[in-house]
1. Can you confirm whether B:Glu393 is part of a helix (DSSP H, G or I) and in the same structural domain as B:Ser271 (by TED's automatic domain parsing)?
2. Looking only at the stretch B:77-97, which residues are away from chain A (no Cβ under 14 Å) and buried (at least 19 other Cβ atoms within 10 Å of the Cβ)?
3. Give just the number: which of (1) assigned to a loop (DSSP other than H, G, I, E, B); (2) under 22 Å from B:Met325 (Cβ atoms) does B:Lys346 not satisfy?
4. So A:Gly264 clears everything in (1) at positive phi; (2) part of a helix (DSSP H, G or I) except one condition, right? Which one?
5. Looking at the stretch A:159-181, which of the residues that are touching a Leu at 6+ places or on another chain (Cβ under 6 Å) and either part of a helix (DSSP H, G or I) or surrounded by fewer than 21 Cβ atoms within 10 Å (Cβ to Cβ) (or both) is farthest from the other protein chains (Cβ to nearest Cβ)?
6. In the stretch A:220-253, which residue that is away from chain B (no Cβ under 14 Å) and of a type in the set (A, V, I, L, M) is nearest to the chain's Cα centre (by Cα)?
7. Condition check: within 14 Å of another protein chain (Cβ to nearest Cβ), of a type in the set (Phe, Trp, Tyr) and in contact with a helix residue (DSSP H, G or I) (Cβ under 6 Å, 6 or more places away or on another chain). Does A:Tyr324 satisfy that?
8. So which of B:Ala196, B:Ala213 ends up being assigned by TED's automatic domain parsing to the domain that holds B:Asn383 and at pLDDT below 95?
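The values are calculated or read from the model by the stated rules, or taken from the named source; none is laboratory data. Only a predicted model underlies this, so the values are computations on that prediction, with no experimental measurement involved. Methodologically, a virtual Cβ is constructed for each residue, glycine included, from the backbone with ideal geometry; neighbour enumeration extends over all protein chains shown.
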Amino acid sequence: MEFLIISLLNGLSYGLLLFMLSSGLTLIFSMMGVLNFAHASFYMLGAYIGYSTSRLIGFWPAVFIAPLLVGVLGALFERTFLRKVHKYGHVPELLITFGLSYVVVEVVQLVWGRLAVEFRPPELLQGPAFTLVNHAVNGLSVLWGAAPASLCNAADAAVRVVCSPFPATRGFMMLIALVMLLSVWLLLTRSRIGLVIQAALTHPEAVESLGHNVPRVFMLVFGAGTALAGLAGVIGGSTFLTEPSMAATVGSVIFVVVVVGGLGSLSGAFLASLLIGVVQTFAVAFDYSIGSLAAQVGIPLGSAVQGNSLVKMTLSQVAPILPYLLLVLILIFRPKGLLGTREG
Amino acid sequence: MKFALKALVAAAVLAATGTSFAQKGETVKMVRIDPLTGLLGPVGVSQGKGYQFFAEKFSGAGNPAGVKFEVTLIDNKLSPAESLNALKAAIDQGARYIIQGNGSSVALALVDAINKHNERNPGKEVLYLNDAAVDPDLTNSKCSYWHFRFDADTSMKMEAMSSFMVDQKDIKNVYILGQNYSHGVQVAKYAKETLARKRPDIKIVGEDLHPLAQVRDFAPYIAKIKASGADTVITGNWGSDLSLLIKAANEGGFNGKFFTYYAGVTGTPSSLGQNGAGRVYQVAYSHYNMGGQMDKWMAEFKQKYNDDFYTGSTIRIFETLGAAMAQAKSTDPVKVAAALEGIKVKSFNGEVEMRKADHQLQQPLYISVWQKADKKYPYSPENTGMTLAPVKEFPNYVSSTPTSCQMKRPS
């Protein structure tokens, strides 16, 4: 039971990190129609800038300052480069962000070096947020913080006690993602700025003639989107690892999230992130292979077939590539994504 | 005519040096092909410093042949394809000695390429000095005359590790976790084989392979290991794959033992920190508290680079190469290879021998355990205040494993 809960929480926390990342990408796409290939690069910049600022002034101010700086960089990029190529259509826009992603990797390696940096979470977040104690006699209970050693070691050797702490960094990650989801949603649907942004997407001329500066709105949206990536970077970098290939490893997964959720749909991205996080985490737990499944349903396999490495490959071994399989399936059977409105 | 000229020049050179040490004063160009970037970059970078450091120490009067060693580094990003490009670049630069170690996948590709190169380019042969790739195939079914391994292979290390586990009666349920490529697969295979032979009472409660240097989050694996009821994990993981695994184990409250190959490698001591005392073991041909000359070298290395030196096979390479070149009276790889076969040198932990049958170095192995640094074992990697203290030493013959190598020697 505690395995189920911990795995679910692990999956949800990873999924929420993916959501933090993909929400900015979704925002930019749905507002401006730009598929920002450099989005994961802004995530990496967030981690590195967060690392440097947290060494200077501490972690907590860095959580606010680093995303702000990344957002400013994003807005500057939109203002000086993206806007120039906007009139040439989608392909040049896509290519310029693609180029930017390479430039950012080189810049990061020049400034911070090619190796991982040690980005430690603050004292408060080190250690467990809570501990699940599974007592063979007393059942399951939850304790805030770390459980005392006496509780995790039963005096009676026959009684099995398992303590499963849940890291505070992951709890923090979940909290931030949920707060972010709520505020972005409120901003878009309940505020005046949100109305202008939404109108600027579909009827830019009408909005412009009402006296709103549409290019500036786009710049702000792009800046806000990259700031969200920067925030994810600070959280993800301190929880996992801050190093120059971090953009490349999440870059492909967030596109899966955005496509599976439905291009431009924030709630779709939320659903897809959680789905991918949970599926990937639980897939690790299953040792089923095609061979073992065939044996269970009673299909006899020859020894040559059983020895085949593809037949023997377990679900846990392919867990890291499952999101891409999901991407292919979605593109075939539901091109507009789970909650998307546009045609694929 | 051309031949006569060559002979004349050779004779003149011989006359000029006036001694039998034809190779004295020559520069031996060596290229190390290894990851310097990416998740496993820190390991390659640290080892690169070790090569620069010891090339200096062993050059000139430091070796019996009196040659100068020169090592350059090429980044292969841990990719076999990139490594083949790097090999070509190295040969074009005139290097006749190639060093590589991180990743048996890379090693297998290099062996193949070097075999072909040497066959097609007589007179321009290159030697492959393997300092860390431990897939047993490299000295068995895929053995090559041009390949020499200075680390102990998976089967040897597992032999020592399982001999140690024989006395550890509290080990009952073992989980095997590894990287999904030749090395991880071999570790799992030999772990099951040797445990079945020496500790048939131990239950293997689970086994998993994950992609090499791809996983950021090992929490799901730790949850699975806990649920399996394992009290011990055997893993061949190295670099970030071991650091992140142990970090996740500490965060996830897994209190079992870890039997590892590479606990002392860059980044892992830091992630172990004060945790894991008395329950993380390492099997290797050296450890952080070897004593004697090694202690002085390590102190000097730390002073110079602010880094820890742990790849002792670097030293072995310079020692045996110097001895072989003196014996062959040449730096020509063909002659040196012949001299390397069966060579015995006195190294930092006793006599080691390059076995002629398969080019696998025969050497003592150590089991060490992560614990607080103290007076007896003071060396503290990455300034953790902890150390790897030796708990058992196995002489050469214990870990020596048979070979099925049928080597084709140049006639």
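1. It is false that B:Glu393 is part of a helix (DSSP H, G or I) and in the same structural domain as B:Ser271 (by TED's automatic domain parsing).
2. Across the stretch B:77-97, the qualifying residues are B:Ser83, B:Ala86, B:Leu87, B:Ala90, B:Ala95, B:Arg96, B:Tyr97.
3. (1)
4. The number of the failed condition is (2).
5. The qualifying residue farthest from the other protein chains (Cβ to nearest Cβ) is A:Ala177.
6. A:Ala229
7. no
8. Numbers: B:Ala196 fails: at pLDDT below 95.
Every option except B:Ala213 fails the conditions.
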